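Here's the structure we're looking at; comments come further down.
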Amino acid sequence: MKKNEHQVLEHLPGLRRYAYALCNHRTPIDPEDLVQECLARAIARFSQWQPGTDLRAWLFTMMHNLFINMLRKAARETTGNISETTEPATAATADPGMDDLDKALQTLSADQRSILMLVTLEGLTYQQIASMLQIPVGTVMSRLSRARQQLRDTLYQDENRGDPTGNSKAKSNATSNNSNIRYLK
Amino acid sequence: MTDEIPVTETDLHAYLDGQLSPQRRQLVERWLEQHPKDKLRIEQYRAISQRLHQRFDTVASSPVPFAQQQAARTLQRVGTHGRLRRAVIAAALFLFGILTGWQANSLLDSETDSFMLANLVKPAAFAHSIYTTDQSRPVEIDAQRQAQLINWLSQRLRTRIKAPNLSALGYRLIGGRLIPSTNRMAAQFMYEDPNGVRVTLYVRRVSRLRHKKLQDKLQHFNSAGLRVLFWRKGELGFAVTGNLDRKTLNGIAVQSRRQT
């Protein structure tokens, strides 16, 4: 087994960034807890990792799954109070005191946010993300597209006003059309 | 002819994310020259990507908390040494645990302990030694304004906390303060007996899911003459520190745990 196959410390900054990107103001999960718990779980389940496969993808997948589980658990514990955590909030319900990017990010679902961050911050390929999350590439693309469109609608709504063709509705309908997406595979 | 292939939504994203072949990239570039609305959209997407980097890259370059570094090193060690050596490491940690009075039943448990040690016990002992020896200003807000103190600390820790009443044991509350702990806020309450012997209770958030095995288990740690008794309840970790014999401090810890 080659030593450089598992340089965990090297992936730690990226994992921490992903944790902070996943947890927003509305999420009842602390990013520091998420990182620590992910590492503890990785130690406990290390025998499940296949040597020779991508350790980084393994760690990020573990964090992603853990995050989704923690969200569900938190939603159960609060019996309905935060039950909408996996669903996007509208910009109107966002807390005051956050900047426009925070507010815009809050409008994304956990799945959309996760994929957007893996693509944008971690630079993973669509194919990598699809196999990590065990979903079709088309689903990755439609979630990514919707996430970006949603952020753009919130952040640039003033600039883009009066530009119906540039607005989201028509475009996101087009992206959820699978025949359109299969082109690139 | 490649020109006949329509540019899809996926192409536009792949172009933005640098996931297109050079040939296909040229095609998209030409398309964007002819479609200013798509071009504007992609520029706005690019600006959003940059803002996300600006927002979150600081996390990646900020210092990693000690507990996480340790966990990552353990993971790396487990990976480097393989499964057989992993058992050896666990055994070594267990032996180390026996020698130092720590319980290290497994690799994971020792990880948990090192987390509590680094983030709760040691900061609590340090804060104790700094503030109990301060004659002029041992607390930030004194016990006369207890309601204000509790409100302030609860607000900053983002959870409801209490200052236990230890008068039955001869210790009266002097007051308390807010303290920065490792990656969290902590609250310190200070108590004093009639002889001026001081004891502190240190409270901070610890993880919601971790330390299941430590739930409500009272553990002890000795450090340079100071004795620390600590436990966890829900998402909070508690540490009682004092320069006292174990029995007395144990009474204080049990009483505090009952009330918090």
| said: Which of B:Ile42, A:Ile43, B:Ile130 has the fewest other C-beta atoms within 10 Å, and how do the rest follow up to the most? | reply: B:Ile130, B:Ile42, A:Ile43
| Loop-located trypsin sites (Lys or Arg not before Pro) in the stretch A:28-71, at most 13 other Cβ atoms within 10 Å (DSSP) | A:Arg45
| query | What is the average number of partner chain Cβ atoms found within 10 Å of a Cβ in A:37-47? | reply | 6
| query | What is the local net charge at B:Thr58, summed over the other residues whose Cβ is closer than 11 Å to its Cβ (Lys, Arg +1; Asp, Glu -1)? | reply | +2
| log₁₀ of I(q)/I(0) at q = 0.12 Å⁻¹ - the stretch B:121-259, Debye sum with one point per alpha carbon | -0.41
| said: Report, in listed order, any pair from B:Lys122/B:Lys233; B:Lys162/B:Lys233; B:Lys217/B:Lys247; A:Lys73/B:Lys233; A:Lys73/B:Lys122 with a Cα-Cα distance greater than 21 Å. | reply: A:Lys73/B:Lys122
| request: Could you work out the mean count of beta carbons from other protein chains within 10 Å of each residue's beta carbon in A:120-129? | output: 3
| message | Counting only other residues whose beta carbon sits under 9 Å from that of B:Phe221, what net charge do I get with K and R as +1, D and E as -1? | response | +2
| task | Answer rounded, prolate or oblate for the stretch B:2-61, using the Cα gyration tensor with square roots of eigenvalues a ≥ b ≥ c: rounded when a/c is under 1.5, else prolate when a/b is larger than b/c, else oblate. | result | prolate
| said: Suppose each label sits 7 Å from its Cα in the direction of the beta carbon; what would the B:Asp57-B:Ser154 distance come out to in nanometres? | reply: 4.3
| query | For the residues B:Thr260, A:Thr120, what sequence is obtained by ranking on other C-beta atoms within 10 Å, fewest first? | reply | B:Thr260, A:Thr120
| Residue order, fewest to most surrounding Cβ atoms within 10 angstrom, among B:Leu27, A:Leu55 | B:Leu27, A:Leu55
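Coordinate-derived values only; no laboratory data. Just so it is clear, the model here is predicted, and its values are computed rather than measured. Glycine also receives a Cβ, built like all others from the backbone with ideal geometry; neighbour counts cover every protein chain displayed.
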